[in-house]
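The values are calculated or read from the model by the stated rules, or taken from the named source; none is laboratory data. These figures come from a predicted structure and were not determined experimentally. Cβ: placed from backbone, ideal geometry, glycine included. Neighbour counts: every protein chain shown.
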C-alpha cells in the first residue's frame, strides 16, 4: 500500500502532474482545494485510486486466481531490472505525451511544477519507500480477536458503499460543491480511508479468499459504476463498450466467487 502511494505521488506530481497543475479540467478557472500549488482534494482521491485500485486490488486478485504461487516471487533480479527500465521509459513517454501534447491541446497550457514541489514529491516518495521496505514491528494479527463476523456478501456491500463515497471526492475536485470548506472534504476522505483500514485490519483477522474477493468485488463494482460519470464518457460507443466489459468482468468475478465457495466446502 505504501509503495502504491509512492507511485501515486510520482505519477501525480512528476509525470502527468494532475495534482499540481494549475488547470485541472477544461472550463474550470478555479480548482477546489488548491493550496500551496497542490490540488489536495484531487490528490487525496488519486492517491487512493492509483494505489488501491491500480495496484493493491490487482495483486490480491492475482494471488486469489493462482493460490499455489501466492508466496512465490513475481520477478527475478533480471526481471526486476527489465521492469525498472521499462517503467522508466514508460514514465518518460507518458510525461511527454500528456504534458507536451495532450494538456496543451485540450487544456491550453504547458505547466512546469516549481522546484520546491519536485523536491517535496521526491522527499515523500523516498520516505514512503523507506517505511515500506524497512523493518516493521509485528502486529500479531493472528492473536487478535474477531469482533464482527461479516459474511462475504455483507462485507462486499460495505466496501462497495465506502468505495462509492471515495469517488465523491472527484465531485469535489470538479468544484461541484464549492460551498463546502476544503477541510471538510479532506477530513471526510481521511475518515473513509480510516474506516476501510479499520475494517480490513481490525474487524476480522481470519480473512479467507472468499472475504478477500468480496473486498475486491465491492471495490471494483463501485469503480465501474462511478466510472460512468467520473471518466467523462461522451461517445456512445465508449458507453456501450464500458457496459460490455464491465458485465464481462462482473461475470468472471462471480465465477471466481463460485469456485472459491466450492473449494472451501470440499
Please name all residue pairs, on different chains or six or more residues apart, with Cβ atoms under 7 Å, provided the first residue is in the stretch 85-99 and is closer than 17 Å to residue 13 by Cβ and the second residue is part of a helix (DSSP H, G or I).
91/15; 94/15; 95/15
Conditions (1) in contact (Cβ under 8 Å) with a residue 40 or more places away in the chain; (2) more than 30 Å from residue 23 (Cα to Cα); (3) surrounded by fewer than 12 Cβ atoms within 10 Å (Cβ to Cβ); number of the one not met by residue 245
(1)
Can you spot a residue in the stretch 53-69 that is in contact (Cβ under 8 Å) with a residue 40 or more places away in the chain and in contact with a strand residue (DSSP E or B) (Cβ under 6 Å, 6 or more places away or on another chain)?
no
Of the conditions (1) modelled with pLDDT under 90; (2) under 21 Å from the mean Cα position of the chain (by Cα); (3) within 30 Å of residue 211 (Cα to Cα), residue 32 fails just one. Which one is it?
(3)
Return only the number of the condition from (1) at pLDDT below 80; (2) part of a helix (DSSP H, G or I); (3) exposed (fewer than 13 other Cβ atoms within 10 Å of the Cβ) that residue 232 does not satisfy.
(2)
Determine if the stretch 106-123 includes at least one residue that is in a helix (DSSP H, G or I), without any contact (Cβ under 8 Å) to a residue 60 or more places away in the chain and under 30 Å from residue 260 (Cβ atoms).
no
